[in-house]
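The values are calculated or read from the model by the stated rules, or taken from the named source; none is laboratory data. Since the structure is predicted, the reported quantities are computational estimates derived from the model, not experimental observations. Because the Cβ atoms are built from the backbone with ideal geometry, glycine has one as well, and the counts that use them run over all protein chains shown.
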Amino acid sequence: MPAPRSLPLAGLGVLLTRPSGQIEGLAQCVEQTGGKVLRFPVIEISAPADTAVAHQQLQEAARADATIFLSANAVDWAMKRVPAEHFSAPLMAIGAATARALARHGLPTALQPEQAYTSEALLELPQLQVDALVGKRMLIVRGEGGRPLLMETLKSRGAQVEVAEVYRRIRPSADSGVLLRAWNADKIDVAVLNSGEALRNLYHLAGEKGRAQLQSTPLVVVSERIAALAKTLGASIEPVLAARADNHAVVDALIKWHLGKRNHDGDGKPGNRGRPGA
């Protein structure tokens, strides 16, 4: 049944790229506000290359003064290696979704940023400044190949830092024809990207035939880093920055962008963006 035109995203085609196990919450939020979702996961989450090493790295939690989880995936995959009771030190989460994952496992979160859900936001907290960190043992739980910023900054502030890499992100095999057919049928008005890796994977999966379409597709992103990467990869439209990475903030950004575009176009409909072949 067509979305009622009174809904703020009525008729808007939204490309979602989160991993398959994490896409539905956002998809439901978009659909409840009238959007038409194309699910196209560009990252697959799997076990780390060496599970024994990951298990050994997690043993540091018993000796740490604090453990920092950098994603909900980090929480869930860590709990596959060691029991929740293993994490008795004060726990920190990079954002609300990670905090909820800890709560699902019966673990309270001692600390998390209130606004942006990034390493930069974590590092601004008073509890992670030099006077609070000197001599402290910190464990960071993340996926393989994560950004070094948090680890390097904590070390520079006097902490002893260990890292447990408990899962890995893989670019899945996907049918780029799905994207091409959707673009050619004008069913993608905007795409949502939650990480630079997701954007790179989408750029690769779009292939040569879809690259120009992607470069002229409006993007909603969750950090300035992703926005900068989009421009480096040839985005011809300024990316829209969501306040945070959670579902509500992403949908709010979509609504603000869509309403602004409707007002500009003056017809209340998703407009032709000048994509090649449109």
Next item on the list: Would you mind finding the one in Ile23, Ile45 that is free of Cβ contacts under 8 Å to residues at least 40 places away in the same chain and closer than 30 Å to Leu139 by Cα?
Entry: Ile23
Check: Does Ala101 meet the test of being crowded, with 20+ Cβ neighbours inside 10 Å and among the aliphatic types (A, V, I, L, M)?
Finding: yes
Check: Listed residues Ala228, Ala182, Ala243; which is at pLDDT below 95, more than 30 Å from Asp50 (Cα to Cα) and not assigned by TED's automatic domain parsing to the domain that holds Ser119?
Finding: Ala243
Check: Hey, among the residues in the range 29-79 that are among the hydroxyl-bearing types (Ser, Thr, Tyr) and farther than 30 Å from Ala182 by Cβ, which one's surrounded by the most Cβ atoms within 10 Å (Cβ to Cβ)?
Finding: Thr67
Item checked: Which listed residue, of Ala61, Ala49, is assigned to a loop (DSSP other than H, G, I, E, B) and at pLDDT below 95 -> Ala49
Notebook entry, point to check: Checking Asp175 against (1) more than 16 Å from the chain's Cα centre (by Cα); (2) of a type outside the set (A, V, I, L, M, F, W, C); (3) more than 21 Å from Ile45 (Cα to Cα), which test does it fail?
Noted result: (3)
Notebook entry, point to check: What are the residues in the range 1-20 that are modelled with pLDDT under 95, over 30 Å from Gly143 (Cβ atoms) and touching an Asp or Glu at 6+ places or on another chain (Cβ under 9 Å), if any?
Noted result: Ala3, Gly11
